[in-house]
Amino acid sequence: MTRPLRGKRILVTRPAGQSGGLVARIAAQGGEAACFPLIDIAAPESWQAVDDAAARLQTFALVIFISPNAVAHGLGRLLSRRSWPEGPAAAAVGPGTATLLADAGIANVLVPRGRYDSEALLSLDPLRAERVAGRAVLILRGNGGRELLSNTLRARGANVECVGCYRRAPPPDGAFVVSLLRNNALDAVTLSSSEGLRNLMQLLDTGSREKLASLPVFVPHQRIADEAARLGLRRVVPTGPSDNGLVAGMCIYRWSDHE
């Protein structure tokens, strides 16, 4: 069986605990993954806001989980305080998050198909203005991030409450990835978020940035591709969404054209 990633070492930059699926898919195609999380995930400094939302969970018409971290931290905390009530529907930005919700016993999760971002979620029929106007919506998310989802739902008349249930931070040190780049020990990089990309660029010196710019960088969303191009990366390769999309993109990439 042909394994198109044979001999390729690929940097995987997902947060710790979320890279296993991508690492396994790369290995199945003959490649080797080098893991360097570009975003560190931690619990919030206080759980008070999450606990307050848990006490009122039955009053929300919809609870939106932004990411797998929102399930791991937010849902875990909610369910430690109470069972999931019958009233609220649950929504997820992507299928990985939806799967975690289903594994936790949350049924009939709203999730977009084919494209996994706030825009795609907002296009779903249950989030149209006539369906959310006057209704309470809880968004469980990390610190910072885009406000498109909350702002759009408010513009549609929803009563939106955003609760931070985890914190994102850049890694404290980039020595590992700098060493790989300086020693020409990487064949490609995968990037899963614009925030992670910006963290990476902050960790690199001028020489390491130039090395990165010469590598193929596989990204699962056009927004990340645009940011990568803006930051000077020259071989940005947009792929399909999720881990499957990233690996499929790497498998069809014409590596020999650049060797």
Review point. If you take the residues of the range 1-29 that are at pLDDT below 95 and touching a Pro at 6+ places or on another chain (Cβ under 7 Å), which of them is farthest from Ala72 (Cα to Cα)?
Key: Arg14
Review point. When the range 138-194 is examined, which residues are found to be buried (at least 19 other Cβ atoms within 10 Å of the Cβ), of a type in the set (Gly, Ala, Ser) and not in a strand (DSSP E or B)?
Key: Ser150, Ala158, Gly174, Ser192, Ser193, Ser194
Review point. What are the pairs, 6+ residues apart or on separate chains, where a residue within the range 222-246 that is closer than 18 Å to Leu200 by Cα has its Cβ under 8 Å from a residue that is among the charged types (D, E, K, R)?
Key: Arg223/Asp117; Glu227/Arg198; Leu231/Arg198; Gly232/Arg209
Exercise for review: Read through the list (1) buried (at least 18 other Cβ atoms within 10 Å of the Cβ); (2) under 20 Å from Asn199 (Cβ atoms), then give the number of the only condition that Ala43 fails.
Suggested key: (1)
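Condition check: modelled with pLDDT under 95 and on the phi > 0 side of the Ramachandran plot. Does Ser242 satisfy that?
Here the answer is yes, as Ser242 does meet what is asked.
Which residue out of Arg209, Arg146, Arg156, Arg198 is closer than 30 Å to Arg9 by Cα and in contact with a helix residue (DSSP H, G or I) (Cβ under 7 Å, 6 or more places away or on another chain)? It would help to see each step written out before you state the result.
On the way: Arg146 fails: closer than 30 Å to Arg9 by Cα; Arg156 fails: closer than 30 Å to Arg9 by Cα; Arg198 fails: in contact with a helix residue (DSSP H, G or I) (Cβ under 7 Å, 6 or more places away or on another chain).
Of Arg209, Arg146, Arg156, Arg198, the one residue that is closer than 30 Å to Arg9 by Cα and in contact with a helix residue (DSSP H, G or I) (Cβ under 7 Å, 6 or more places away or on another chain) is Arg209.
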Study note, to complete from the structure: By residue number, the members of the range 238-258 that are surrounded by fewer than 18 Cβ atoms within 10 Å (Cβ to Cβ) and among the β-branched types (Val, Ile, Thr) are Ile252
**Study point:** Complete set of residues in the range 1-20 that are loosely packed, with under 15 Cβ neighbours inside 10 Å and touching an Asp or Glu at 6+ places or on another chain (Cβ under 6 Å)
**Key:** none
Review point. Looking at (1) at pLDDT 90 or above; (2) in contact with a Gly (Cβ under 8 Å, 6 or more places away or on another chain); (3) buried (at least 17 other Cβ atoms within 10 Å of the Cβ), which is the only condition Leu127 fails?
Key: (2)
Review point. Name the residues in the range 237-252 that are in contact with a Leu (Cβ under 9 Å, 6 or more places away or on another chain) and not small (Gly, Ala, Ser), would you?
Key: Thr239, Asp243, Leu246, Val247, Met250, Cys251
Review point. Which residues, taken from the range 215-226, are modelled with pLDDT under 95 and under 24 Å from Asp173 (Cβ atoms)?
Key: Ile224
Check your understanding: Which of (1) polar (S, T, N, Q); (2) buried (at least 18 other Cβ atoms within 10 Å of the Cβ); (3) touching a Pro at 6+ places or on another chain (Cβ under 8 Å) is the odd one out, the single condition Gln58 does not satisfy?
Key -> (2)
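Residue by residue, here is whether (1) free of Cβ contacts under 8 Å to residues at least 12 places away in the same chain; (2) within 20 Å of Tyr166 (Cα to Cα) holds:
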{"site": "Pro85", "(1), (2)": "no, no"}
{"site": "Ala89", "(1), (2)": "no, no"}
{"site": "Thr99", "(1), (2)": "yes, yes"}
{"site": "Ala102", "(1), (2)": "yes, no"}
{"site": "Tyr116", "(1), (2)": "no, no"}
{"site": "Leu121", "(1), (2)": "no, no"}
{"site": "Leu138", "(1), (2)": "no, yes"}
Study note, to complete from the structure: Expected output for the range 123-136 (first residue in contact (Cβ under 8 Å) with a residue 60 or more places away in the chain and assigned by TED's automatic domain parsing to the domain that holds Val63, partner in a loop (DSSP other than H, G, I, E, B) and aliphatic (A, V, I, L, M), Cβ below 7 Å, 6+ apart or cross-chain) is Val132/Ala158; Arg135/Ala61; Arg135/Ala158; Ala136/Ala61
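The values are calculated or read from the model by the stated rules, or taken from the named source; none is laboratory data. On a predicted model such as this, the values are computed, not experimentally measured, just so you know. Neighbour counts run over all protein chains shown; Cβ positions are idealised from the backbone, glycine included.
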